1. Kindly indicate the residue of segment A:145-156 that is out of contact with any Phe, Trp or Tyr (no Cβ under 9 Å at 6 or more places or on another chain) and modelled with pLDDT under 95 and also least open to solvent (accessible area, probe 1.4 Å) among those meeting that condition.
2. Among the residues of segment B:78-92, is there at least one that is in contact with a strand residue (DSSP E or B) (Cβ under 6 Å, 6 or more places away or on another chain) and of a type in the set (Asp, Glu)?
3. Answer yes or no as to whether A:ALA121 is of a type in the set (A, V, I, L, M, F, W, C) and either farther than 24 Å from B:LYS134 by Cα or touching a residue at least 40 places away in the same chain (Cβ under 8 Å) (or both).
4. Exactly one of (1) away from every other protein chain (no Cβ under 14 Å); (2) open to solvent by 50 Å² or more (accessible area, probe 1.4 Å); (3) touching a residue at least 40 places away in the same chain (Cβ under 8 Å); (4) outside any helix (DSSP H, G or I) is unmet by B:ILE44. Its number?
5. Tally the residues that are outside any strand (DSSP E or B) and either touching a helix residue (DSSP H, G or I) at 6+ places or on another chain (Cβ under 7 Å) or acidic (Asp, Glu) (or both), restricting the search to segment B:248-279.
6. Quick test of your reading of the structure: B:HIS30 fulfils all but one of (1) part of a loop (DSSP other than H, G, I, E, B); (2) within 19 Å of the chain's Cα centre (by Cα); (3) not acidic (Asp, Glu). Name the failing condition by number.
7. Applying the selection to segment B:68-112, what residues are more than 14 Å from every other protein chain (Cβ to nearest Cβ) and in a helix (DSSP H, G or I)?
8. Just to verify a result, which residue in segment A:68-85, among those that are out of contact with any Ser or Thr (no Cβ under 8 Å at 6 or more places or on another chain) and open to solvent by less than 20 Å² (accessible area, probe 1.4 Å), is nearest to the other protein chains (Cβ to nearest Cβ)?
Amino acid sequence: MLTMFLPLHRSNCKLLGPVPESTLPLALPQYSSKVRAGQSHFPSPAQDYEQEFLDLNHRFITNPPATFLFVVAGDSMIGAGIYPGSTIIVDRSKKAKSGSIVIVDVEGEWMVKRLKKTGRAFTLLSENPAYPPIELQPDQSLIVFGVVTTVIHEPQ
Amino acid sequence: MSHNNLVYALCDANSFYASCEKVFRPDLRHKPVVVLSNNDGCVIAQSKEAKELLELWMCRPWFEIEKEATRLGVIHFSSNYELYANMSNRFSDTLRQFAPRVEVYSIDESFLDLTGVNRDYSKYGREIKDTVMKWTGLPICVGFGHTKTLAKLANHCAKKQPGYDGVCDLTSISTGELQKIMEALPVSKVWGVGSRLEKRLNELGVDNVWRLRNASPKRIRDEFGVVLERTVKELNGESWLELEEVLPEAKQVMSSRSFGQRVNSLQDMSEAISFHVTNAAERMRKKGLYAGAIHLFIQNSPFDQAQYFSAGQFVALPSPTNNTMLLDKTAQWILKKIFKEGIYYQKAGVMLSELVPEGGQQRDLFGFSVTDAKSIKLMNTLDQINDKYSRGTMKLASEGLDNGWQMRRAFKSPNYTTDWQDLPVVL
């Protein structure tokens, strides 16, 4: 079993626990370390405190049947921490509100944008100055696939 | 109308396969879409826009209509069963919040048992329909009735008659209204009444659902048997078909498929058989079962110019086993016996039967059963690796590598919901 250690700089890090060899189902056990020192066969004093696994699905996917993953190709949302290559978790059951980041149909293509509502009109905002806002006419229908709840980005 | 307290709803997705394809393609929202059967043979699903163009396309061979369909702007897909199975699970999971008991009847239909859920069902149906659309993107229709047969009929009305807007409740209407609805429907719209039964019923003057409902159950039983008698009782609100929450345990596991291109060498056929054995054995092990017998069949197409050829053999195993290698060995032995040269085979399949649960198998005298610890461990490891990575990561070498006999799915959409490489892209 691999174990995740605290790095030297403690300020930005948090010990989550050992990482299991098996990643399916996605789970990190909190306190179930099987480290054995020397020839000792004494039971671990932590045994009684053994707890449930940390499940990333549980943390980031609240409604599985309505949750879909997308992969981002554009750079229009880098200001919101959404980069080309990011995987985003999208929940269709969440209500899109003014300020939500959503997957929206723009002329037959899925785009990730921040939704802004002014009166009865919607604007789709990018988070990159290179992309101007897209104003929707009041009669133009807004087709939202779902609300982006989490961004997964693997640092280079 | 005699009432019982039971209330069933049938939720049925509209043009399910075509709708699944549309969820991920905003550019196709109002476009006519069709889905083709295995090997891109014929049309098996049409979106509502495609139905409006030509109702008669259903089941037509694709090569016959391709030119006309393309001219009309029809978009076509090969069947993407990975996607449909995933969307089907989302659909039934979404339904579970609405009823204490759900029966997943088919890939695109589920029955809900709403007995005791006292609601305005028309309103409730709309809520179900809107939630499924919001969560999964799939359009559905909902029908309510005091029996499953009536719920199914209600669903048909909800789907085909525009006035209902996708929700039809037969539990709250008067007998007069029910008569009007049923008189307008041919008996073939009733669950379990096929075209052959319809013809015979029509000859007896039973030419609409209302007349079937009012037929004498005894006479129906004498003429047609107990199954149709039950249907008549169900049409009268007397519930005979219960909700089946758990699918009855499979009596056999089958793996069979049409070939992408005709197969005529023993080598290719042998690879295909290995593939089917592997596939069936894996599914059998998932259920914790052991096979007591294996059946193998090979055939050419009855529509080919050549004479129809079909051969098969059933072999009982000395002792039940779940070991892929052992099953494959037996299957290959059968194949060598039944294979005939010079035939262009179109289909082959393997069926594992006489299934018994773990522990239920007996040891034989001759040591055929290799259900010892080593074999179990090997099969477990094999299944785990293939579960974790993808199907076929680890397989018997006898399956071959090239697999030219595999199903043709030239127009398949990406596996949007099941493969990391295939996630939908957003700009």
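The values are calculated or read from the model by the stated rules, or taken from the named source; none is laboratory data. Model, not experiment: these values are computed from the prediction. Here the Cβ is made from the backbone with ideal geometry for all residues, glycine too, and neighbour counts use every protein chain on show. These area figures cover heavy atoms from the full protein model, side chains too; ligands, DNA and RNA do not enter into them. Shrake-Rupley method; radii C 1.70, N 1.55, O 1.52, S 1.80 Å.
1. As a first pass, look at segment A:145-156 and keep what is out of contact with any Phe, Trp or Tyr (no Cβ under 9 Å at 6 or more places or on another chain): A:147, A:154-156.
After this cut, where a residue has to be modelled with pLDDT under 95 as well, the list is A:154-156.
Working: A:GLU154: 138, A:PRO155: 114, A:GLN156: 207 Å².
Top of the filtered list is A:PRO155.
2. Scanning segment B:78-92 turns up no residue that is in contact with a strand residue (DSSP E or B) (Cβ under 6 Å, 6 or more places away or on another chain) and of a type in the set (Asp, Glu).
3. Values: of a type in the set (A, V, I, L, M, F, W, C): yes; either farther than 24 Å from B:LYS134 by Cα or touching a residue at least 40 places away in the same chain (Cβ under 8 Å) (or both): no.
No; evaluated as a whole, the condition is false for this residue.
4. So the condition that B:ILE44 fails would be (3).
5. Our first condition is that a residue be outside any strand (DSSP E or B); within segment B:248-279, this holds for B:248-252, B:264-279.
Still in the list and also either touching a helix residue (DSSP H, G or I) at 6+ places or on another chain (Cβ under 7 Å) or acidic (Asp, Glu) (or both): B:249, B:268-271, B:273-275, B:277-278.
Residues meeting the conditions: 10.
6. (2)
7. If the condition is that a residue be more than 14 Å from every other protein chain (Cβ to nearest Cβ) and in a helix (DSSP H, G or I), then B:GLU68, B:ALA69, B:THR70, B:ARG71, B:TYR81, B:GLU82, B:TYR84 are the ones that fit.
8. Ranking the qualifying residues of segment A:68-85, first place goes to A:GLY74.
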